[in-house]
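Participant: Dumping the structure here so I can ask a few things about it.
Only the coordinates and a few stated rules stand behind these numbers; no lab work does. Here the structure is a predicted model, which is why all the values come from computation and not from measurement. FYI the Cβ positions are ideal-geometry reconstructions off the backbone, even for glycines, and counts take in every protein chain you see.
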There are 2 protein chains.
Amino acid sequence: MKTLVIISHPEIDDSGSQQYLLSSVPQTEDVTIHHLEGTYSASQPIDVEKEQQLLAAHDRILFQFPFYWYSSPPMLKRWQDEVLLEGFAYGKRTHRLSGKEFGLILVVGVPEKEYQAGGREGFAISALTTPFQAIARKTGMEYLKPLVIFQFPYMKEHEKMALLIRYQQMLTGDKSDSLKAREEWIVEQLEQTDRNLLGATGDLVLEEVLSTIEDNRLTLDELEMLLDNM
Amino acid sequence: MKTLVIISHPEIDDSGSQQYLLSSVPQTEDVTIHHLEGTYSASQPIDVEKEQQLLAAHDRILFQFPFYWYSSPPMLKRWQDEVLLEGFAYGKRTHRLSGKEFGLILVVGVPEKEYQAGGREGFAISALTTPFQAIARKTGMEYLKPLVIFQFPYMKEHEKMALLIRYQQMLTGDKSDSLKAREEWIVEQLEQTDRNLLGATGDLVLEEVLSTIEDNRLTLDELEMLLDNM
């Protein structure tokens, strides 16, 4: 399975969360990272044909961006309007994206609990992302459960560790997140991660994850049976 | 009441619907039309201070745009991200937009009936515009019932006539759309419309509206009583 991660961030070098995600990208030919603002300036035309070929060549399309004003940065919207054209993305005859998977990786500055009725933001992420769900629907793509990263700067080390796993799984894993699929994926993928890129802390984190999984395998098996019977 | 209409359309000269709306703008100092793409090019910085002053000087803020991919064109998103800053639009101390009214004027290419579960688009306009409702909520503005214009090119003359009225009312009318408020508003406002700008057809349209209202005043009063008792 080939995954295309379309990142939109106007100042990616200054973003701690985006840099952490970039350093966590699995080193495999099956993942293509494509940062729009790093590819096109505001006044530069988007290479529509090249973008459409890129989409066609991948099975899972992910949009990764900071959730500014409950939506994407302007560059990603521009990309949508110029690339997802009738006759390519939708229309009577052609559905070039049909059957692919589509997902969001959102970086959000406000705590998760505020995104509900009665919370400070008032609306759930599931409601605010309706336009993206509609895009998936119109183009015939399957909308994946999103990866939403709340308040990255306040994350503790073990939370970042869990994020790394969820991110790598979003990029390369089976869309199923059953416990069995997760466990298998975690062991397989983490052993392939390029540890040099993660630095000393990241390397320790990986070691800890692997040994934790091994220690808890029996518990995981029990949990799995429990979940399967629910 | 002063109304600011922020229009975002990348090719406004070629848009029949936008040109029709522009020709229908009431000739009054209380309405300010502000076309973003006509003010700033893609590579030009947005004058944030000037935009914030413009917002502060108006009581009703309207976003008018073609509903591309279930959202605004990229320029309006850029404007949101750069102008609606913490410390101005929201934050602990300052809420400069608080108490204002906020509304959407959407031009949509697909028929209204498709915007529902089971329809071709699958989601209601009310669901797809959640991000804008969240903006109103966060900035303390009252979210108005939107004016959604479906399939303008297929509209019949009497439908365009009705649209003209609804548009003018959105720009200058009381937010209440009770029958009484509508009737009073229609008679007052239409008599002030600059007929030269509308051309011969528009002029005829206005005449017809005014005489229709006069003929049906009794019926309207009855309907009003009926509605008030519901």
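Participant: If R₀ is 25 angstrom, what is the calculated FRET efficiency for the pair B:Ala124 and B:Met230, using the beta carbon separation as r and rounding to 0.05?
Facilitator: In this case the efficiency is close to 0.60.
Participant: How many percent of DSSP beta bridges within region A:3-155 run antiparallel, rounded to 5?
Facilitator: 5 percent
Participant: Please return the longest range in chain A lying between exposed loop sites, taking trypsin sites (Lys or Arg not before Pro), DSSP loop only, at most 15 other beta-carbon atoms within 10 Å, and leaving the sites out.
Facilitator: In chain A, the maximal stretch lacking such sites is A:3-91.
Participant: Now for a different question. Taking the Cα centre as origin and putting +1 on Lys and Arg beta-carbons and -1 on Asp and Glu beta-carbons, what dipole magnitude results for the protein assembly as shown, to the nearest 20 debye?
Facilitator: Computed about the Cα centre, the dipole is about 120 debye.
Participant: Here's another thing I want to ask about it. Could you tell me how far the Cα centroid of region A:87-151 sits from the Cα centroid of region A:10-85, in Å?
Facilitator: Centre-to-centre (Cα) distance: 15 Å.
Participant: Using amide H atoms built 1.01 Å from N in the peptide plane, name the residues 5+ places from B:Glu101, or on other chains, whose amide H lies under 5 Å from its own.
Facilitator: Residues meeting the amide H criterion: B:Arg60, B:Ile61, B:Glu142.
Participant: Report, as an integer, the average count of C-beta atoms from other chains found within 10 Å of each Cβ along A:121-129.
Facilitator: 3
Participant: Right, something else. List, in the order given, every pair from A:Lys2/A:Lys77; A:Lys50/B:Lys156; B:Lys92/B:Lys113; A:Lys113/B:Lys50 whose Cα-Cα distance in the structure shown is over 32 Å.
Facilitator: Beyond 32 Å: A:Lys50/B:Lys156; B:Lys92/B:Lys113; A:Lys113/B:Lys50.
Participant: Follow-up. Subtracting the Cα-Cα distance from 0.36 nm times the residue separation, let me have the gained length for A:Asp174 to A:Thr39 in nm, one decimal.
Facilitator: Additional length available on full extension: 45.7 nm.
Participant: On to the next question. Please give the calculated 222 nm ellipticity per residue for chain B, where each DSSP H segment of at least 4 residues contributes -39500 (n - 2.57) and the sum is spread over every residue; nearest 500 deg cm²/dmol?
Facilitator: When only DSSP H runs of four or more count, the value is -14000 deg cm²/dmol.
Participant: Okay, moving on. Longest span of chain B, sites excluded, free of GluC sites (Glu not before Pro) in DSSP loop with at most 10 other C-beta atoms within 10 Å?
Facilitator: Here the longest run is B:30-190.
Participant: For B:Thr32 and B:Glu214, what is the calculated FRET efficiency with R₀ set at 30 Å and r taken between the beta-carbons, to the nearest 0.05?
Facilitator: 0.40
Participant: For a quick check: with amide H placed at 1.01 Å from N, whose amide H comes under 5 Å from A:His35's, ignoring anything fewer than 5 positions away on the same chain?
Facilitator: So A:His35 has HN proximity to A:Ile7.
Participant: I'd like the FRET efficiency for B:His158 and B:Lys113, computed as 1/(1 + (r/R0)^6) with the beta carbon distance as r and R0 of 22 Å, rounded to 0.05.
Facilitator: For B:His158 and B:Lys113, the calculated efficiency is 0.65.
Participant: Under the definition of Cα pairs under 8 Å and six or more residues apart, what whole-number percent is the relative contact order of chain B?
Facilitator: 21 percent
Participant: Projecting each Cα onto the charge dipole of chain A (Lys/Arg +1, Asp/Glu -1 at the beta carbon, about the Cα centre), which of A:Leu163, A:Ser17, A:Met75 comes out farthest on the positive side?
Facilitator: Sorting the options by dipole projection puts first A:Met75.
Participant: Taking a point 7 Å out from Cα toward Cβ as the label site, list the nm distances between A:Lys113 and the same residue in every other copy, smallest first.
Facilitator: Distances to the matching label points in the other copies: 4.7 nm.
Participant: Could I ask something else about it? Put a dot 7 Å past each Cα toward the Cβ at A:Val48 and A:Glu142; how far apart are the dots in nm?
Facilitator: 3.0 nm
Participant: Now for a separate question. Once you have a ≥ b ≥ c as the square roots of the Cα gyration tensor eigenvalues for region B:1-43, tell me rounded if a/c is under 1.5, and otherwise prolate or oblate according to whether a/b is larger than b/c.
Facilitator: Oblate, because a/c is 1.5 or more while a/b does not exceed b/c.
Participant: Also, quick follow-up: If you add up the charges near A:Glu121, with Lys and Arg at +1 and Asp and Glu at -1, over every other residue whose beta carbon is less than 13 angstrom from its beta carbon, what do you get?
Facilitator: Around A:Glu121, the surrounding residues sum to +2.
Participant: Moving on to the next point. Given all pairs of different Cα atoms, what value in angstroms does the Kirkwood hydrodynamic radius of chain A take?
Facilitator: 19.0 Å
Participant: Another one. Shortest first, in nm, what separates the label point of B:Arg93 from those of the same position in the other copies (7 Å along Cα→Cβ)?
Facilitator: Here the equivalent label points are 6.3 nm apart from this one.
Participant: Sticking with this one: Below 14 Å, Cα to Cα, which aspartates and glutamates can A:Lys100 reach? Residues fewer than 8 away in the same chain don't count.
Facilitator: List returned: A:Asp59, A:Glu142, A:Asp174.
Participant: Right, another one. Using a 10 Å cut-off around each Cβ, can you sort B:Leu164, A:Leu171, B:Leu223 from fewest to most neighbouring Cβ atoms?
Facilitator: Least crowded to most crowded, the residues run B:Leu223, B:Leu164, A:Leu171.
Participant: Take the alpha carbon atoms of the protein assembly as shown, find their radius of gyration, then divide it by 2.2 N^0.38 Å using N residues; give the quotient.
Facilitator: Rounded to two decimals, the normalised Rg is 1.14.
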